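K.L.:
Below is a structure I'd like to ask you about.
The values are calculated or read from the model by the stated rules, or taken from the named source; none is laboratory data. Predicted model only: the values in this text are computed from it and were never measured. Ideal geometry is used to build each Cβ from the backbone, glycine not excepted, and the neighbour counts take in all protein chains shown.
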Amino acid sequence: MAEMDRTLDQPMEVDAFAGVAAYSRFHFQRLFSAFLGLGVAEYRRLSRLKRAGHQLAYRNEIPVTDIAYDAGYENLESFSRAFKRCFGQNPSDFRRAPDWTIWHQTYAPLTELKGQLMPVDNDEPNHIRIVDFPETQVAALEHIGPQSGLTATVQRFIAWRREHGSPPAESATFNILYDDPRTTDPESFRFDFCCSVQGPVSANDFGIVPKTIPAGRCAVVRHVGSLDFAEDTIRSLYRDWLPSSGEDLRDFPLFVQRLSFYPDVPEHDAQADIFLPLK
């Protein structure tokens, strides 16, 4: 699956995928569908449409026609039909006001399966670093509620960044992870989207507020892949590293610095540093 995700812009070569998986091409497609419940071509189609949806929602600078071509469609009309058939909205409507309900129904089961089948390539405990994190002023958008609403919140955050000239290339991107999603009531789940700022955060209609990530020692682990699977990395940090480290935790939540982003890179290649505040 990693090779398929990495080559979405290339023609589909089932024989090549079979070779990467070290299976005969005569058996590869049957094995693939047995594990995922869908064929190679359908997985490829859904993966391209997923990337297209993220580009529509979060990358307004990319024309819809370019997104259609990148998704493997010869023209905008065929892309629009396929997108609406899958998500219930045409691409222009989705870009303007995305309805994520069908989206989550489509991709949540696939994301769960990928989490089970694709090991996350992250730092081993001996690669965890201790750093002195500097005090950082941030503009923050607070999300409170079910995780399914994060997509709409991040879209609002990106719109503020775009309007106020704070793109990721010039302003570091952070998330503050207040709660464990496994043990927190969905309606009480808290998660901040943040970016570093050099000056005051002015009053706005987006809900952006000023906050500070305090200076202090932190353990840092590099997470590679979708943040959907970051909890595995976080659990390892608490369970495997912390007990033998001799360190004590500081009274500030986990936070993440995003280093590269899907859909700009393949989802499994996205990188983020997870910071565990220490005394």
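K.L.:
Among the candidates His268, His223, which residue alone is outside any strand (DSSP E or B), crowded, with 18+ Cβ neighbours inside 10 Å and out of contact with any Cys (no Cβ under 7 Å at 6 or more places or on another chain)? I'd like the intermediate steps shown before the answer.
P.N.:
Numbers: His223 fails: outside any strand (DSSP E or B).
Sole residue among the options that is outside any strand (DSSP E or B), crowded, with 18+ Cβ neighbours inside 10 Å and out of contact with any Cys (no Cβ under 7 Å at 6 or more places or on another chain): His268.
K.L.:
Do we find that Arg30 is farther than 18 Å from Val265 by Cα, assigned to a helix (DSSP H, G or I) and modelled with pLDDT under 85 in this structure?
P.N.:
yes
K.L.:
Okay, next question. Just to be sure, is Val256 among the hydrophobic types (A, V, I, L, M, F, W, C), under 19 Å from Leu227 (Cα atoms) and part of a loop (DSSP other than H, G, I, E, B)? Don't jump to the end; show me each part of the working.
P.N.:
Working: among the hydrophobic types (A, V, I, L, M, F, W, C): yes; under 19 Å from Leu227 (Cα atoms): yes; part of a loop (DSSP other than H, G, I, E, B): no.
Against the criterion (among the hydrophobic types (A, V, I, L, M, F, W, C), under 19 Å from Leu227 (Cα atoms) and part of a loop (DSSP other than H, G, I, E, B)), Val256 does not qualify.
K.L.:
Looking at the structure I just gave you, is Asp228 within 29 Å of Gln155 (Cα to Cα), part of a strand (DSSP E or B) and among the acidic types (Asp, Glu)?
P.N.:
no
K.L.:
Just to be sure, is Asn204 surrounded by fewer than 15 Cβ atoms within 10 Å (Cβ to Cβ) and of a type in the set (S, T, N, Q)?
P.N.:
Yes: the conditions hold for Asn204.
K.L.:
Now, a different point. Can you list residue pairs whose Cβ atoms sit under 6 Å apart, with the first residue in the stretch 203-214 being over 14 Å from His164 (Cα atoms) and the second being polar (S, T, N, Q)? Count only pairs 6 or more apart in sequence or on different chains.
P.N.:
As it stands, the answer is Thr212/Gln137; Ile213/Thr136, since those pairs meet every condition given.
K.L.:
Also, quick follow-up: Suppose the filter is not assigned by TED's automatic domain parsing to the domain that holds Arg96 and not in a loop (DSSP other than H, G, I, E, B); does Pro200 pass it?
P.N.:
Against the criterion (not assigned by TED's automatic domain parsing to the domain that holds Arg96 and not in a loop (DSSP other than H, G, I, E, B)), Pro200 does not qualify.
K.L.:
Being among the polar types (S, T, N, Q) and either outside the structural domain of Glu42 (by TED's automatic domain parsing) or in a helix (DSSP H, G or I) (or both) is the filter; apply it to the stretch 55-79 and report the residue that is farthest from Trp160 (Cα to Cα).
P.N.:
Filtering the stretch 55-79 down to residues among the polar types (S, T, N, Q) leaves 55, 60, 65, 75, 78.
Next, only the ones that are either outside the structural domain of Glu42 (by TED's automatic domain parsing) or in a helix (DSSP H, G or I) (or both) stay: 55, 65, 78.
Numbers: Gln55: 17, Thr65: 25, Ser78: 32 Å.
The selected residue is Ser78.
K.L.:
Still on this structure, please answer the following. Condition first: part of a helix (DSSP H, G or I) and either within 13 Å of Ile130 (Cα to Cα) or among the charged types (D, E, K, R) (or both). Now tell me which residues in the stretch 231-252 satisfy that.
P.N.:
Of the stretch 231-252, the ones part of a helix (DSSP H, G or I) are 231-245.
Passing the criteria: Glu231, Asp232, Arg235, Leu237, Arg239, Asp240, Trp241, Leu242, Ser245.
K.L.:
Residues that are part of a loop (DSSP other than H, G, I, E, B), out of contact with any Leu (no Cβ under 6 Å at 6 or more places or on another chain) and at pLDDT below 75: does the stretch 39-54 have at least one?
P.N.:
Yes, that holds for at least one residue.
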